[in-house]
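Structure first, then comments.
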Amino acid sequence: MMPQLEILESLPLRPLAQPEVPVVSVVLPAHNEGDGIRLALETIAGVLRQCNVSFELIVVDDGSRDDTFARVQEAAARHPYVRGLRFSRNFGKEAALLAGLRVARGQAVITMDADLQHPPSAIPELLRCWREGAKVVHAVKRDRSTDSRMQRLRAQLFNGLISRFGRIDLANASDFKLLDRVAVDVLIERLPERGRFYRGLAQWIGFPQANVQFNVAPRIAGAGKWSLLGLVNLAMTAILSFTSAPLRLVTILGFVTLVFAGLVGGEALMSWVQGNAAAGFLTLEFTLLIIGSFVMISLGIVGEYIARIYEELKGRPAYLLEERVGFEDDAGKR
């Protein structure tokens, strides 16, 4: 029998009874990370024990096709600090981050990748900045030597576009962050949008912020999950969420078209006066192609904004939850 799907927005997930609310929650979005998730949990738990803080580890399985969630269930059976959520299908990393933030109980919440490319060794420094008063601590990439040249180029282009048009500094930014409980509550309660861009929102909300540099570590298993199309979709979401600059581009293209029309009209008039009315045919054809291109680009830009409005108005949940482990209402199943 197929498990019943439940919409998490209306589902009160309560963690198993613990002696105290953990100081730190770590949210780990995971997609096909079955080969390395156990090592990731053990490594992160070891670092947090050295920091002498109580903690919980929350793995959000974003519709994996391998045994990722089975490994999480095994870990949860052995360790009470491990909890897991499993989506009914792949909803994307942004949805997984949102789901993890919603169920995290910690006074501070750390978000990081499950492949350990975000090194757990940076966690003590994140906690130090938090204890010194920062409400949002960004882990910023110092070195991307483990990435290929194409990956570095894509990241540069992606972050450059968002920083330029979105007016937020995303140079070498990542999803590796620490958020104070105040910042977490703002993200999950005061920002209802479904088309989310976590990196940008964590910076946009303000509050005292700090940066910690880290070197990107090699993946513990498997290969990267981001495709070029996935990055393009994320870039579109980020740009459309944080700026109306593309709509201004439509206006600029309109003025450029007007200038072309004036030039072609002037040339046509001169040709008519000189008795060479047919001489500007090639120029006219070229101008029509340019105008047609501008019109299609403008329609595409406006269409993207309308599509985002349409998605928001439909009101569908950001994700659907299929299964969970480590919460009060499934205690009898373990």
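The values are calculated or read from the model by the stated rules, or taken from the named source; none is laboratory data. In this text, all values refer to a predicted model and were calculated from it rather than measured experimentally. Neighbour counts run over all protein chains shown; Cβ positions are idealised from the backbone, glycine included. Each accessible area value is taken on the protein alone, full model and side chains, heavy atoms only, with ligands, DNA and RNA left out. Shrake-Rupley method; radii C 1.70, N 1.55, O 1.52, S 1.80 Å.
At a glance:
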read-out	value
Matching residues, the range 112-128, being of a type in the set (Gly, Ala, Ser), in a helix (DSSP H, G or I) and in contact with a strand residue (DSSP E or B) (Cβ under 7 Å, 6 or more places away or on another chain)	Ala122
Any hit, the range 88-99, residues being of a type in the set (Ser, Thr, Tyr), closer than 24 Å to Phe214 by Cβ, touching a Leu at 6+ places or on another chain (Cβ under 7 Å) and open to solvent by 10 Å² or more (accessible area, probe 1.4 Å)	no
Lone unmet requirement of (1) farther than 30 Å from Ser298 by Cβ; (2) at pLDDT below 70; (3) in contact with a helix residue (DSSP H, G or I) (Cβ under 7 Å, 6 or more places away or on another chain) for Val264	(1)
Members of the range 29-41 that are surrounded by fewer than 23 Cβ atoms within 10 Å (Cβ to Cβ), touching a Ser or Thr at 6+ places or on another chain (Cβ under 7 Å) and part of a helix (DSSP H, G or I)	none
Test result for Asp115, of a type in the set (Asp, Glu), crowded, with 21+ Cβ neighbours inside 10 Å and either modelled with pLDDT under 90 or under 13 Å from Ala173 (Cα atoms) (or both)	yes
Matching residues in the range 42-64 - criterion: being open to solvent by 10 Å² or more (accessible area, probe 1.4 Å) and in a helix (DSSP H, G or I)	Glu42, Thr43, Gly46, Val47, Arg49, Gln50
Residues located in the range 184-201, provided they are under 17 Å from Val27 (Cβ atoms) and part of a helix (DSSP H, G or I)	Val184, Asp185, Val186, Leu187, Ile188, Glu189, Tyr198, Arg199, Leu201
Matching residues in the range 199-226 - criterion: being open to solvent by less than 70 Å² (accessible area, probe 1.4 Å), aromatic (Phe, Trp, Tyr) and at pLDDT below 85	none
Verdict on Ala77 being farther than 17 Å from Leu320 by Cβ, open to solvent by 10 Å² or more (accessible area, probe 1.4 Å), more than 19 Å from the chain's Cα centre (by Cα) and of a type in the set (A, V, I, L, M)	yes
